[in-house]
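Enquirer: Structure in structure tokens, see below.
Laboratory data are not the source of any read-out in this text; all were calculated from the coordinates shown. Owing to the predicted nature of the structure, the values given are computational and were not obtained by experimental measurement. Glycine gets a Cβ as well: all are built from the backbone with ideal geometry, and neighbour counts include every protein chain shown.
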Amino acid sequence: MSGGTGMNETVVTVVGNVASAVETRTTAAGHPVARLRLATTERRYDGQRGGWTDAHTSFYTVWAFRTLAENLAASVTVGEPLIVQGRLRIRQGERDGQRWTSADIEATAVGHDLTRGTSAFVRVSRALPAQEPAGSP
């Protein structure tokens, strides 16, 4: 799923709440992958009731790769408000005679929604590969 942005890819920004624990795994090539479900509920003003009400809830499967996957797994828990930006992929299939549709987002950036709380950023330093001293054989 990962790679450069193509000309006709749909890039989206979705604001919602984490609906599942972050699941992590490692690819055969040794790269980390993280997955979570993000729920976003449309809010509408109801003039008859004089207030806001919840409308339809949409669920997205968010995929993150490499460093973003590691940082996502270390930073996010169920229920937290997130902003996710990435490439939208709609997948369809059939399982046990039932048709299904999945809206996946290949995340390029993820952050906490600071309109709903505070967050403290901690920069992750990656160890650099050891270098040979000058003049080594």
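Enquirer: Which loop trypsin sites (Lys or Arg not before Pro) in region 1-90, with loop taken from DSSP, have no more than 13 other Cβ atoms within 10 angstrom of their Cβ?
Expert: Hits after loop and neighbour filter: R49.
Enquirer: If one takes the longest principal axis of the Cα atoms in the chain, at what angle in degrees, from 0 to 90 and to the nearest 10, does the Cα axis of helix 66-75 lie?
Expert: Roughly 60 degrees between the two axes.
Enquirer: Sticking with this one: In a Gaussian network model over the chain where Cα atoms closer than 10 Å are linked, find which of G50, G30, G117 has the largest mean-square fluctuation.
Expert: G50
Enquirer: Would you please give the FRET efficiency between D113 and Q48, computed as 1/(1 + (r/R0)^6) with r the Cβ-Cβ distance and R0 = 35 Å, to the nearest 0.05? Display every interim value, and only then the final one.
Expert: On the way: r = 29 Å, r/R0 = 0.84.
For D113 and Q48, the calculated efficiency is 0.75.
Enquirer: Still on this structure: About its Cα centre, how strong a charge dipole does the chain have in debye, to the nearest 20, once Lys and Arg get +1 and Asp and Glu get -1 at the Cβ? Mind dumping the intermediate values first?
Expert: Numbers: 15 positive and 13 negative charges, 15 e Å.
Its charge dipole is roughly 80 debye.
Enquirer: I would also like to ask the following. Cut-off 10 angstrom, C-alpha nodes, Gaussian network model of the chain. Which of S125, S102, S75 fluctuates the most?
Expert: S125
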